[in-house]
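Shown next, in structure tokens, is the structure this report addresses.
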Amino acid sequence: MPVETIEPDEFLKYCGKYPVVDTRTPSEFFSGHIPGAVNIPLFSDDERAAVGLAYKRKGRVEAIIKGLGYAGPKLQSKLMDAQRVASDGKLMIYCWRGGMRSESMAWLFSVAGLKVFRLSGGYKAYRHSILDNLAIKRKTLILGGLTGSGKTAILKVLAERGEQVVDLEALAHHRGSAFGSLGQESQPSTEHFANILFDAWKDFDYDRTIWLEDESRNIGSVFLPEQFWRNMQESAEIALVSEPQVRLPRLVREYSVFPPEQLRESVRKISRRLGGDRTREALEAIDIGDFEKAASITLEYYDKAYFHSLSQHPSNLVCRLETNTDNAEENADLVLEMARLKGLL
């Protein structure tokens, strides 16, 4: 059955329809891959390095011969893996640049009767395509607010009500503060974060508003694509403002469940900003289980930092929204009301 080579835009349209096979090495796949892809590597990491070295020293033919020596004994198992992955006898395939790895595997699979769609330009072309898409300025609206405002909960309510929402912190597996890694899975690489961000982004109606939470350029160890983040900085923001006593119960509820040593370590990360005395007070409060006091001390830093960050935005783009409740449903009502009032939807 002939192999069909298709461009990235068409390939992406098929991604939800047919299984996707990544033929690159395990380490390449781990660094970043098309979301949902299954790794069926032609070479191990060491084998690929050896083939590359043979190419540099002895040329293309010698590299091919060396590659065949590695791949030959494994072709049966690769084909069996592909047959298990395929849906209705069809699958999609890619390597780094649409070269010999995907070409060889596509030939093998097609000879066995599978219909194979091969990505032209490979993963490299896919990356160029998605980053170009994410760089386009869309109709985005930022939900900001002081720490403990329940922004994530409000975004969830907005999504349930039919709004287009991307939860950047959920994608990054981090809440974006010194305490942000608590209870989270390992973070993806910055490279793969862009891939899963695009996957969450690609099916939106770009004529409608897309809601995002206010974030720094980095969320933990993950960095947002530069132009995507710059576009966020140029978007209107609804900034939730409430008194500490409104926000403290949520913070205590969400963070007091973690082991004290993890909380102490998180406090130590911002000790230079808190100052020696306040750091000691916060640590002592954790030791005796006074989580409200510890949270109150850390809010002194986070509130100051947020207001400073907000002051860097053009004043005409910031809509401050005072609220005296922690109820996500009620705050979602207030946020939607302001967005409509300001013509942001």
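The values are calculated or read from the model by the stated rules, or taken from the named source; none is laboratory data. Here the structure is a predicted model, which means the values were calculated and not measured. With ideal geometry, Cβ positions are generated from the backbone for all residues, glycine too; neighbour counts draw on all protein chains shown.
Consider Y14 carefully, then state whether it is closer than 27 Å to F198 by Cβ, aromatic (F, W, Y) and either surrounded by fewer than 19 Cβ atoms within 10 Å (Cβ to Cβ) or outside the structural domain of F198 (by TED's automatic domain parsing) (or both). Working first, answer last.
Values: closer than 27 Å to F198 by Cβ: yes; aromatic (F, W, Y): yes; either surrounded by fewer than 19 Cβ atoms within 10 Å (Cβ to Cβ) or outside the structural domain of F198 (by TED's automatic domain parsing) (or both): yes.
When the stated conditions are applied, Y14 passes them.
Table: residues versus (1) part of a helix (DSSP H, G or I); (2) exposed (fewer than 14 other Cβ atoms within 10 Å of the Cβ).
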site	(1), (2)
D303	yes, no
H308	yes, yes
N316	yes, yes
T325	no, yes
E330	yes, no
E337	yes, yes
R340	yes, yes
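Among the residues of the stretch 267-288, write down those that are in contact (Cβ under 8 Å) with a residue 24 or more places away in the chain and in contact with a Ser or Thr (Cβ under 8 Å, 6 or more places away or on another chain).
Listed by number, the residues that qualify are V267, I270, L274.
If you take the residues of the stretch 150-180 that are polar (S, T, N, Q) and touching a helix residue (DSSP H, G or I) at 6+ places or on another chain (Cβ under 8 Å), which of them is surrounded by the fewest Cβ atoms within 10 Å (Cβ to Cβ)? Can you show your working first?
Filtering the stretch 150-180 for residues polar (S, T, N, Q) gives 152, 164, 177.
Now drop any that are not touching a helix residue (DSSP H, G or I) at 6+ places or on another chain (Cβ under 8 Å), which leaves 152, 177.
Working: T152: 17, S177: 20.
Among them, the one singled out is T152.
Here's a check for you: in the stretch 156-177, which residue that is touching an Asp or Glu at 6+ places or on another chain (Cβ under 7 Å) and among the hydrophobic types (A, V, I, L, M, F, W, C) is nearest to D303 (Cα to Cα)?
L168
For the stretch 163-187, how many residues are free of Cβ contacts under 8 Å to residues at least 40 places away in the same chain and either within 20 Å of E28 (Cα to Cα) or assigned to a helix (DSSP H, G or I) (or both)?
Of the residues in the stretch 163-187, 4 are free of Cβ contacts under 8 Å to residues at least 40 places away in the same chain and either within 20 Å of E28 (Cα to Cα) or assigned to a helix (DSSP H, G or I) (or both).
Looking for whichever is in contact (Cβ under 8 Å) with a residue 60 or more places away in the chain, aromatic (F, W, Y) and over 30 Å from R250 (Cα atoms) here; the options are Y123, Y70. Which one fits? Explain how you work it out, then say what you get.
Numbers: Y70 fails: in contact (Cβ under 8 Å) with a residue 60 or more places away in the chain.
Y123 is the lone residue from the list that is in contact (Cβ under 8 Å) with a residue 60 or more places away in the chain, aromatic (F, W, Y) and over 30 Å from R250 (Cα atoms).
For G145, are the conditions met, namely being in contact with a Lys or Arg (Cβ under 8 Å, 6 or more places away or on another chain), within 30 Å of P225 (Cβ to Cβ) and not assigned by TED's automatic domain parsing to the domain that holds K17?
Here the answer is yes, as G145 does meet what is asked.
Of the residues E329, E237, E284, E300, only one is over 19 Å from T152 (Cβ atoms) and at pLDDT 95 or above; which? Step through it out loud before you land on a result.
Details: E329 fails: over 19 Å from T152 (Cβ atoms); E237 fails: over 19 Å from T152 (Cβ atoms); E300 fails: at pLDDT 95 or above.
E284 is the lone residue from the list that is over 19 Å from T152 (Cβ atoms) and at pLDDT 95 or above.
Mind listing just one residue for me: the one in the stretch 87-118 that is among the aromatic types (F, W, Y) and in contact with a helix residue (DSSP H, G or I) (Cβ under 8 Å, 6 or more places away or on another chain) and, of those, nearest to A63 (Cα to Cα)?
As a first pass, look at the stretch 87-118 and keep what is among the aromatic types (F, W, Y): 94, 96, 107, 109, 117.
Right, trim to in contact with a helix residue (DSSP H, G or I) (Cβ under 8 Å, 6 or more places away or on another chain) and you get 94, 96, 109, 117.
Numbers: Y94: 20, W96: 17, F109: 22, F117: 26 Å.
The extreme case among them is W96.
Identify, please: which residue in the stretch 34-53 is in contact with a helix residue (DSSP H, G or I) (Cβ under 7 Å, 6 or more places away or on another chain) and crowded, with 18+ Cβ neighbours inside 10 Å and is, among those, nearest to G99 (Cα to Cα)?
Here the answer is L42.
Would you be able to tell me the number of residues in the stretch 326-345 that are over 14 Å from E163 (Cβ atoms) and touching a residue at least 60 places away in the same chain (Cβ under 8 Å)?
2
Looking at the stretch 1-16 only, could you name the residues that are closer than 13 Å to P35 by Cα and aliphatic (A, V, I, L, M)?
L12, the sole residue that qualifies.
Residues being at pLDDT 95 or above and assigned to a helix (DSSP H, G or I): count how many of those fall in the stretch 12-34.
Total satisfying the criteria: 6.
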